[in-house]
Amino acid sequence: MTKTEEEQNEALQQLSKELGDLKINLETEYLKQFLIARSWNVKAAKEQLENTLSWRKENNVDLHPVATEDNKLPLLYPVRGFSCLPDGNLEAHPDISSAVLRIYRWMGGSCLHKTDNDGCPVYIERLGYHAAKEIAKYSTSEEVSHYHTGCNEFLHRVIMKDCSKKAGKHINRETVIFDCTGMGWHQFHMPALYYIKAISDTDQKYYPETLNKLYLVNAPSAFVMVWRVVKGWLDPGTIDKIQILGKDYKEVLLKQIPAENLPSFLGGQCTCSHISGGCVPSQILKNIPIMESNSDNENVSTAYSTTIMEKGKTDEHIRGPAFFQESK
Ligand SMILES: [Zn+2]
């Protein structure tokens, strides 16, 4: 059901009015995310927004530290090609919790890798190489959720702002490529699937309309069966943005992403030969050394150590940019 521009503006004004004092720091583009997610139903959008703001407050999400070039906090995942901070990898730095290192050890590889033709950051995950059983065995659902929130806050407070500046327009969406190469039935491990469900629930509830495109490439034909299950967890609006592709994906990806920004293993020209791990570092694929957590890495469920998490509450420098910008 599409709305005319006039109807959209009306809904936006109505939502701003109903929010009253809550509106103060919220950008118009942020309000729109909730309206689009709730099909421009003002009452439903307001409810979701209020729930999001309560969740952020209860969990101190606004105070979560994020890495910037200025505060030199270690990265929670690898980044390539942004001007706000140098290319880097996740390292076993003492400020990183052992939880993050335990999760990352068994991930097939991930990277926030350059931008697409819309100016959106591209996140690549080698889903097919995830050691699902080990992730579920060596980490808890709470640890995975905290890690995911830390990555989300960094993405929205640091990377999206960088992309917005570069594109000269508001960017709040991410393009995602899940590479299924290597995928087998061992991936469909129930406890691991519950973790995926928990993080996709969080994203839909508290980070609505932040997906630009999602490509599942090298998908095994059996995946179609599992897709029927996963589809049930997603909003109809989300399903439209998703493409599940087998081996013939290169042209589709190159329509969305310039060849120089797309890794060569996905049909592009990028190799990131200047940095360890290339475009997408992976301990499973052994293109970076195995990182064991040691006694320096505190055993807490948060992404950063307690000291860093506490510093975020009082030190704006450690906390990084605000999630919301002042409304004009
Ligand atoms: Zn690259």
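The values are calculated or read from the model by the stated rules, or taken from the named source; none is laboratory data. As the structure is a computational prediction, the values presented were derived from the model and not from experiment. We place every Cβ from the backbone using ideal geometry, glycine too, and count neighbours over all the protein chains shown.
Side notes on the structure shown:
- Residues of segment 241-255 that are within 16 Å of the ligand (Cβ to nearest atom) and within 23 Å of residue 203 (Cβ to Cβ): 253 alone.
- Test for residue 35: is it at pLDDT 95 or above, over 30 Å from residue 307 (Cα atoms) and under 23 Å from the mean Cα position of the chain (by Cα): yes
- Listed by position, the helices (runs of 4 or more DSSP H) enclosed by segment 14-118 that each have at least 3 residues that are among the polar types (S, T, N, Q) and over 27 Å from residue 179 (Cβ atoms) are 42-58.
- The one condition in (1) at pLDDT below 95; (2) part of a loop (DSSP other than H, G, I, E, B) that residue 228 fails to fulfil: (2)
- Number of the condition not met by residue 81 [criteria: (1) more than 19 Å from the chain's Cα centre (by Cα); (2) within 16 Å of the ligand (Cβ to nearest atom); (3) of a type outside the set (S, T, N, Q)]: (1)
- In segment 139-156 there is at least one residue matching the filter, namely being in the same structural domain as residue 221 (by TED's automatic domain parsing) and assigned to a loop (DSSP other than H, G, I, E, B).
- No other residue among 138, 123 is touching a residue at least 12 places away in the same chain (Cβ under 8 Å) and touching a helix residue (DSSP H, G or I) at 6+ places or on another chain (Cβ under 6 Å) apart from 138.
- Of all residues in segment 256-265, exactly one satisfies the criterion of being assigned to a loop (DSSP other than H, G, I, E, B), more than 9 Å from the ligand (Cβ to nearest atom) and of a type outside the set (Val, Ile, Thr), namely 258.
- Here 221, 295 are screened, and the one residue that is without any contact (Cβ under 8 Å) to a residue 12 or more places away in the chain, exposed (fewer than 12 other Cβ atoms within 10 Å of the Cβ), assigned to a loop (DSSP other than H, G, I, E, B) and away from the ligand (no atom under 16 Å from the Cβ) is 295.
- Residue ID - farthest from the chain's Cα centre (by Cα), chosen from residues in segment 187-213 that are surrounded by fewer than 18 Cβ atoms within 10 Å (Cβ to Cβ) and of a type in the set (Phe, Trp, Tyr): 188
- Residue check, residue 67 at pLDDT below 95, away from the ligand (no atom under 16 Å from the Cβ) and out of contact with any strand residue (DSSP E or B) (no Cβ under 6 Å at 6 or more places or on another chain): no
- Being under 25 Å from residue 196 (Cβ atoms), modelled with pLDDT of 85 or more and away from the ligand (no atom under 16 Å from the Cβ) is a property that residue 238 lacks.
- Scanning segment 154-186 for residues that are without any contact (Cβ under 8 Å) to a residue 40 or more places away in the chain and either surrounded by 18 or more Cβ atoms within 10 Å (Cβ to Cβ) or of a type in the set (Val, Ile, Thr) (or both) turns up just one, 160.
- Residue that is within 16 Å of the ligand (Cβ to nearest atom), part of a loop (DSSP other than H, G, I, E, B), more than 26 Å from residue 95 (Cβ to Cβ) and not assigned by TED's automatic domain parsing to the domain that holds residue 12, where the choices are 277, 268: 268
- Selected residue (criterion: surrounded by the fewest Cβ atoms within 10 Å (Cβ to Cβ)) from residues of segment 103-146 that are under 24 Å from residue 190 (Cα atoms) and within 16 Å of the ligand (Cβ to nearest atom): 125
- Test set (1) in a helix (DSSP H, G or I); (2) more than 16 Å from residue 133 (Cα to Cα) - residue 186 fails condition number: (2)
- Those residues of segment 159-177 which are touching a Leu at 6+ places or on another chain (Cβ under 7 Å) and either over 17 Å from residue 112 (Cα atoms) or part of a helix (DSSP H, G or I) (or both), in sequence order: 159
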